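Participant: Below is a structure I'd like to ask you about.
The values are calculated or read from the model by the stated rules, or taken from the named source; none is laboratory data. The shown structure was predicted, so the numbers you read here are calculated from the model rather than taken from an experiment. Cβ sites come from the backbone with ideal geometry, for glycine too, and all protein chains shown count toward neighbours.
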Amino acid sequence: MSIMSTGSRRLRLVAAVLTAGFALAACGGGGTAETPASTTAAAQTQAEGNSLPVTVEHKYGTTTVEKADRIVTLGLSDHEIVLALGVKPVGAVDWFGERPFGVFPWQAEKWAGTEPAIVGVRDDYDIEKIIELQPDLIIAQYSGMSQEQYDTLSELFDVVAQPKEHADYAAPWQAMTRAVGKAMGKADQAEALIKGIDEKFAKVRAEHPEFAGKTVVVADAFQPGTYSAFAAHDPKVVFMNEIGFQSPQRIKDVPKEKNVIDVSSEGLDLFESDRLIWLTSDPEAEKRIKADPLYGKLKVAAEGRDLFVPYSDPPVGAAISFNTVLSIPYAIDNMVPLLVAQS
């Protein structure tokens, strides 16, 4: 295979996009271009990723990142890690059309009044919009990026896809932070952020030994008559585990490829636990759930050990859902007092 510079790759494929129309289903060219052995060896010696170029492993192979000034994030929460490391992404995907960028207090200061271009919703990417932004680097950690999408984008740009050791949307926040830090040439800064968050979690566990060993289920009721319990690897549950709670075995047993278990009223015994946390976006959700006669028969409900937490106003549920190095401090400061007040 011939060796092409990043610039020549972009020029050739941008021309193809503009003249022929480019769809996600178009055939890619097999991933990141090859680099000379000396360059690859040099990048690999920078194991800590504190300078560029650096080679990063991911689900679809390895990518040698040359530059990371203009970054597009394609994972649902990736932009928060990039912001925490001091760079404003020029593009990002949206959460179900809600455009939350800059709205949440833990993000607002980092954006400083600016917003990224929206380049898709969830895993549906707008390739032409990404091309217009001409990023140095595309990051897709908390994502379901497919091989086909990776092949298409990596013909144009340096792409660091989701971690290979974990199922899509199941990588720990630490692993994603390390991957992003390495790709940006800021591995030490990423480790410092992780250490700071780990210390915050340790402080909560030390101050609240009453959380230790107690089981917790985190749930939502997305639609009337259906109740959803989040899997143990979901960020919301990971947060609760890291402040001291533990997941019941039936929640731990959910396959890594799934983030929720959906049940009807007859399956509500799934939610029986020491603490039950409902995350709600609908003000009527709490009334609707409590009105279910089978819900009232749960001990956790009858004994008042269920807690309803809003996704917004204040955005405590959103902070737990993102569960990044940027949102976790807000989540700790606002969620722990709610748990303590109900104890």
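Participant: Taking segment 320-343 as the region of interest, how many residues are under 19 Å from residue 207 (Cβ atoms) and touching a Phe, Trp or Tyr at 6+ places or on another chain (Cβ under 8 Å)?
Facilitator: Just the residues of segment 320-343 that are under 19 Å from residue 207 (Cβ atoms), to begin with: 320, 328-343.
Now narrow it down to the ones that are touching a Phe, Trp or Tyr at 6+ places or on another chain (Cβ under 8 Å): 320, 328-332, 335, 339.
Summing the residues that are under 19 Å from residue 207 (Cβ atoms) and touching a Phe, Trp or Tyr at 6+ places or on another chain (Cβ under 8 Å) in segment 320-343 gives 8.
Participant: Let me ask you something else. Any residue in segment 303-318 that is over 30 Å from residue 109 (Cβ atoms) and part of a helix (DSSP H, G or I)? If you could, list the steps in order and put the result at the bottom.
Facilitator: Here is the first cut: in segment 303-318, the residues over 30 Å from residue 109 (Cβ atoms) are 303-306.
Within this subset, residues satisfying the condition of being part of a helix (DSSP H, G or I) are none.
No, every residue in segment 303-318 fails to be over 30 Å from residue 109 (Cβ atoms) and part of a helix (DSSP H, G or I).
Participant: With the condition kept exactly as written, say whether any residue in segment 123-146 is in the same structural domain as residue 92 (by TED's automatic domain parsing) and at pLDDT below 95.
Facilitator: Taking segment 123-146 first, the residues in the same structural domain as residue 92 (by TED's automatic domain parsing) are 123-146.
With at pLDDT below 95 added as a condition, the list becomes 123-124.
Yes, segment 123-146 contains a residue that is in the same structural domain as residue 92 (by TED's automatic domain parsing) and at pLDDT below 95.
Participant: Just give me the residues in segment 220-249 being at pLDDT below 95 and more than 27 Å from residue 327 (Cα to Cα), in sequence order.
Facilitator: Once the filter is applied, which keeps residues that are at pLDDT below 95 and more than 27 Å from residue 327 (Cα to Cα), segment 220-249 yields 224, 225, 226.
Residue-by-condition table, conditions (1) among the small types (Gly, Ala, Ser); (2) in contact with a helix residue (DSSP H, G or I) (Cβ under 6 Å, 6 or more places away or on another chain):
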{"residue": "256", "(1), (2)": "no, no"}
{"residue": "276", "(1), (2)": "no, yes"}
{"residue": "281", "(1), (2)": "yes, no"}
{"residue": "287", "(1), (2)": "no, no"}
{"residue": "294", "(1), (2)": "no, yes"}
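Participant: Considering only segment 224-262, how many residues are hydrophobic (A, V, I, L, M, F, W, C), assigned to a loop (DSSP other than H, G, I, E, B) and closer than 27 Å to residue 164 by Cβ? Step through it out loud before you land on a result.
Facilitator: The first filter runs over segment 224-262 and keeps only residues hydrophobic (A, V, I, L, M, F, W, C), leaving 229-232, 237-240, 243, 245, 251, 254, 260-261.
Then drop every residue that is not assigned to a loop (DSSP other than H, G, I, E, B), which leaves 231-232, 243, 245, 254.
From what's left, closer than 27 Å to residue 164 by Cβ: 231-232, 254.
The number of residues fulfilling the criteria is 3.
Participant: Could I ask something else about it? Return the residue satisfying two criteria in turn: it lies in segment 205-236 and is in contact with a helix residue (DSSP H, G or I) (Cβ under 7 Å, 6 or more places away or on another chain) and among the β-branched types (Val, Ile, Thr), and of such residues it is nearest to residue 269 (Cα to Cα).
Facilitator: 217
Participant: I've got another one for you. Do we find a residue being closer than 18 Å to residue 328 by Cα, crowded, with 20+ Cβ neighbours inside 10 Å and either assigned by TED's automatic domain parsing to the domain that holds residue 300 or among the small types (Gly, Ala, Ser) (or both) anywhere in segment 184-191?
Facilitator: Residues of segment 184-191 that are closer than 18 Å to residue 328 by Cα, as a first pass: 189-191.
Restricting the remaining residues to those that are crowded, with 20+ Cβ neighbours inside 10 Å gives 190.
Those left that are additionally either assigned by TED's automatic domain parsing to the domain that holds residue 300 or among the small types (Gly, Ala, Ser) (or both): 190.
So far as segment 184-191 goes, yes, one or more of its residues are closer than 18 Å to residue 328 by Cα, crowded, with 20+ Cβ neighbours inside 10 Å and either assigned by TED's automatic domain parsing to the domain that holds residue 300 or among the small types (Gly, Ala, Ser) (or both).
Participant: Go through (1) touching a Lys or Arg at 6+ places or on another chain (Cβ under 9 Å); (2) loosely packed, with under 15 Cβ neighbours inside 10 Å; (3) at pLDDT 95 or above and name the single condition residue 69 misses.
Facilitator: So residue 69 meets the others, but not (1).
Participant: When you go through 179, 108, 92, 170 one by one, which is the residue that is outside any loop (DSSP other than H, G, I, E, B) and surrounded by fewer than 23 Cβ atoms within 10 Å (Cβ to Cβ)?
Facilitator: Details: 179 fails: surrounded by fewer than 23 Cβ atoms within 10 Å (Cβ to Cβ); 92 fails: surrounded by fewer than 23 Cβ atoms within 10 Å (Cβ to Cβ); 170 fails: outside any loop (DSSP other than H, G, I, E, B).
Result: 108 is the single residue among 179, 108, 92, 170 that is outside any loop (DSSP other than H, G, I, E, B) and surrounded by fewer than 23 Cβ atoms within 10 Å (Cβ to Cβ).
Participant: Please state which one of 254, 260, 238 is under 29 Å from residue 175 (Cα atoms), in contact with a Pro (Cβ under 9 Å, 6 or more places away or on another chain) and outside the structural domain of residue 166 (by TED's automatic domain parsing).
Facilitator: Details: 254 fails: in contact with a Pro (Cβ under 9 Å, 6 or more places away or on another chain); 260 fails: in contact with a Pro (Cβ under 9 Å, 6 or more places away or on another chain).
After ruling out the rest, the residue left standing is 238.
Participant: So which residues in segment 203-223 are surrounded by fewer than 15 Cβ atoms within 10 Å (Cβ to Cβ), assigned to a strand (DSSP E or B) and more than 21 Å from the chain's Cα centre (by Cα)?
Facilitator: 223
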